[in-house]
Amino acid sequence: MYLYNSATHKKEEFKTHTPGHVEMYTCGPTVYHFAHIGNLRSYLMEDVLEKYLRYAGYDVNRVMNITDVGHLTSDADEGEDKMLKGAKREHKSVMEIAQFYTDAFFSDCKKLNIKRPDVVQPATGLIDDYIRIVSTLIEKGFAYFAGGNVYFDTSKLSRYYIFNDHNEEDLAVGVREGVEEDTNKKNKNDFVLWFTKSKFEDQALKWESPWGVGYPGWHIECSGISMKYNGEYLDLHCGGVDNAFPHHTNEIAQSESYLGHAWCPHWCHVAHLNTNDGKMSKSKGEFLTVSLLEEKGFDPLVYRFFCLQSHYRKALVFSWENLENAQGAFNKLIAKIAALKPSVDTVDEAAFSALKEKFMTALSNDLNTSLAVTALYDVLKYQTNDATKLAVLADFDQVLGLDLIEKADAARKKAAAASASGGEFNIVSESGEKDEAVEKLILARRDAKKAKDFAKADAIRDELKTMGVEVTDIAGGAKWRRI
């Protein structure tokens, strides 16, 4: 298997410290709000990578952190505590916010068929580990105490910028325009390992430490969590491309200095999901969540399919039109699979092997999911019996996670039901009542969706809500109830 390595800027044969076993770490969410679909693209592609490694025969131990420590937004001690921001917004405690949005994150993952990692560790659970690592870094001369904080001394490294070669002046942490310089630092690229003195005195969570009451810096949690659950040798570290600097750069610096040897040889970064206006974020425009996709009538797995059609290292542009196109392609794919006839025919092992080889060739070449999707269509065109085709599709779906067989079965049942009812659009009231005005609006909403006028469909849905009516799409029609 060949994967692009962000640390060397080239595709390399993927090798592990222990043959046949992968220690994998993926950076998790900061649980102060819902994850937007740009965040989820990274987790989705990491999920495909993990599932393919298992499919290819590796034993995988995947570890992920949950950031419930309210660290600030940069090494310059700027921004705000996102966890505290969430708590104030919703009038809850920080830990209540953390639990609510952790549950929401995994609910979204379940809808997208993203497997839960083997180990999920909230950052607040390993404070003693971070303190031990920081103490050792001080003892080894890689860290120093100044102005109430503990800093990592980047001047002790032979190479700091791992993922990109920069001049020291180019990425000066803490001296960017409009940001007050941290005068405690010996070097402008030094970063905080432990805060006791911050510009922000209302930090929500603090702990006792040898340096005073405080909280961990931005990067130490991932090093601590990985070393506890992955061991001293990590094989594969993944995350969004925006994590490469400074987060992953600083993880490498502190981990290798603490351990005294190379830590992780292979780094995998997923490109951004952009809108036509640029990078997606929670603070810009419409907050695009899995729930919003569902509200607009999209199956979350259509979004998964949309992401799989592009390469993980290529920036992907999201628009409702693009998602609508993906939905059309996905529905046609399911319809073609539904047309296959389940039977007791013997699976053609030669055909199975030939098709599987093409699928594995695509994914073994830097996780080329677009070619893997193409392999699905190759299965449908292949000259073999339907039993073999269905067996191959089910096999591929262990990696792709699109529920192909289940959805095809549902499509067959839906077609049978529509045929039995003459293809009518059925409107069902939960209470059994009839309301002509409500039914008229539901039909108008159906027509707007057929015409791809989603703004009008949303407006009709909102009008129904003001009337105290909630509408749910069902097979062959819609169901409504009073709220």
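Which order do you get for Leu443, Leu380, Leu126 if you rank them by accessible area with a 1.4 Å probe, largest at the top?
Details: Leu443 60, Leu380 30, Leu126 10 Å².
Correct descending sequence by accessible area is Leu443, Leu380, Leu126.
Give the accessible area for Glu406 in Å² (nearest 10); use a 1.4 Å probe, count only protein heavy atoms, and leave out ligands, DNA and RNA.
About 110 Å², rounded to the nearest 10.
What is the sum of charges around Lys341, taking Lys and Arg as +1, Asp and Glu as -1, for the other residues whose C-beta is under 13 Å from the C-beta of Lys341? Could you put the intermediate results ahead of the total?
Working: positive: Lys336, Lys389, Arg412; negative: Asp345, Asp386, Asp409.
In short, 0.
I'd like the distance separating the alpha-carbon centroids of the range 447-480 and the range 52-70, in whole Å.
Using only Cα atoms, the two centres lie 39 Å from each other.
Give the Rg (one decimal place) followed by the Dmax (whole number) of the range 1-51, computed from C-alpha coordinates and expressed in Å.
Taking only Cα atoms of the range 1-51, I get Rg and Dmax of 13.8, 39 Å.
Pop out the carbon and sulfur fraction of the accessible area of the chain as a percent, whole number, probe 1.4 Å. Display every interim value, and only then the final one.
On the way: 10850 of 21640 Å².
Summing carbon and sulfur atoms, their accessible area is 50 percent of the total for the chain.
Which semi-axis lengths, in whole Å and largest first, follow from the square roots of five times the eigenvalues of the Cα gyration tensor of the range 122-166?
For the range 122-166, the ellipsoid semi-axes come out as 22, 16, 10 Å.
Rounded to the nearest 10 Å², what accessible area does Tyr382 have for a 1.4 Å probe in the complete protein model?
Spelled out: Tyr382, probe radius 1.4 Å, area about 80 Å².
When every alpha-carbon pair in the range 381-457 is counted, what percent end up more than 15 Å apart?
Values: 2145 of 2926 pairs.
Distances greater than 15 Å cover 73 percent of the Cα pairs.
Over 25 Å between C-alpha atoms is what I'm after, so list which of Lys358/Lys381; Lys11/Lys51; Lys413/Lys479; Lys11/Lys332; Lys111/Lys440 land there. Walk me through the numbers on the way to the answer.
On the way: Lys358/Lys381 14 Å; Lys11/Lys51 20 Å; Lys413/Lys479 18 Å; Lys11/Lys332 34 Å; Lys111/Lys440 31 Å.
The answer is Lys11/Lys332; Lys111/Lys440.
Among bridges DSSP assigns within the chain, what percent are antiparallel (round to 5)?
Details: 23 of 49 bridges.
Given both bridge residues lie in the chain, the antiparallel proportion sits at roughly 45 percent.
In angstroms, what radius of gyration and Dmax does the range 295-422 have, counting Cα atoms only?
In Å, with Rg to one decimal and Dmax whole: 15.5, 48.
Relative contact order, percent, of the chain when contacts are C-alpha pairs under 8 Å separated by at least 6 residues?
Details: 723 pairs, mean separation 76.5, N = 483.
Computed over the chain, the figure is 16 percent.
Please work out how much accessible surface Glu430 shows to a 1.4 Å probe, ignoring ligands, DNA and RNA, in Å² rounded to 10.
120
Report the far tail of the P(r) of the chain, meaning the percent of Cα-Cα pairs longer than 37 Å.
Numbers: 43241 of 116403 pairs.
Roughly 37 percent, rounded to a whole number.
For the chain, report the accessible area per residue in Å² (1.4 Å probe, heavy atoms, rounded to an integer). Intermediate values should be presented prior to the final figure.
Numbers: 21640 Å² over 483 residues.
With the other protein chains kept in place, the chain gives 45 Å² per residue.
The values are calculated or read from the model by the stated rules, or taken from the named source; none is laboratory data. This one's a predicted model, so the numbers in the text were calculated from it and none came from an experiment. We place every Cβ from the backbone using ideal geometry, glycine too, and count neighbours over all the protein chains shown. Note: accessible area is taken over every heavy atom of the protein model, side chains too, but ligands, DNA and RNA are not part of it. Shrake-Rupley method; radii C 1.70, N 1.55, O 1.52, S 1.80 Å.
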